[in-house]
Amino acid sequence: MNKNLIITSLIGALTIILGAFGAHSLKEILSVTELKSFETAIRYQMYHVIVLLFVNTYSKFNEKTKNGISYLFFIGVLFFSGSIYAITLGVNAKSIWFVTPLGGVFFILGWLKITFSFLKK
């Protein structure tokens, strides 16, 4: 059983749930700018779910590499998308402003780990 694929699948399902919630329930509550931010969080989350499906089924990456990339992207989704969800749903942005770019750093580190893994091959 590949725990990374299970977590990735759950995050993928959550992406669809949150996307539907945003499209149907938040349209009347959020401003256009807030809704665009929410959609950005959804989009980045789904992009990284798709990449994680590739990474964790790619036979030329060993388990250590798959785990490293997965953890970086999981944390990136949690920090980047999660903080945007929280801010658009009412958490004071001033209290967690640093979390979103930190999530972006984890995404970048994950992409660099993929790059270096391919370079090593």
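Some observations on this one:
- Residues satisfying the stated conditions in the range 38-58, i.e. surrounded by fewer than 16 Cβ atoms within 10 Å (Cβ to Cβ) and either part of a helix (DSSP H, G or I) or at pLDDT below 95 (or both): Thr40, Arg43, Tyr47, Ile50, Leu53, Phe54, Thr57
A quick yes/no check of all residues on (1) under 30 Å from Leu119 (Cβ atoms); (2) of a type in the set (Gly, Ala, Ser); (3) without any contact (Cβ under 8 Å) to a residue 60 or more places away in the chain:
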| residue | (1), (2), (3) |
| --- | --- |
| Asn4 | yes, no, no |
| Leu14 | no, no, yes |
| Ser25 | no, yes, yes |
| Leu72 | yes, no, yes |
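- The residue of the range 18-37 that is surrounded by the most Cβ atoms within 10 Å (Cβ to Cβ), among those that are in a helix (DSSP H, G or I) and charged (D, E, K, R), is Glu34.
- Residue count for the range 78-112, restricted to those that are assigned to a helix (DSSP H, G or I) and farther than 17 Å from Tyr44 by Cβ: 3.
- The residue that is nearest to Ile69 (Cα to Cα), among those in the range 81-98 that are surrounded by fewer than 19 Cβ atoms within 10 Å (Cβ to Cβ) and β-branched (Val, Ile, Thr), is Ile96.
- Boolean, Ile75 is of a type in the set (Val, Ile, Thr) and in contact with a helix residue (DSSP H, G or I) (Cβ under 9 Å, 6 or more places away or on another chain): yes
The values are calculated or read from the model by the stated rules, or taken from the named source; none is laboratory data. A quick note: this is a predicted structure, and the numbers were derived from the prediction, not measured. When we count neighbours, we look across all protein chains shown, and the Cβ atoms used for this are built from the backbone with ideal geometry, even at glycine.
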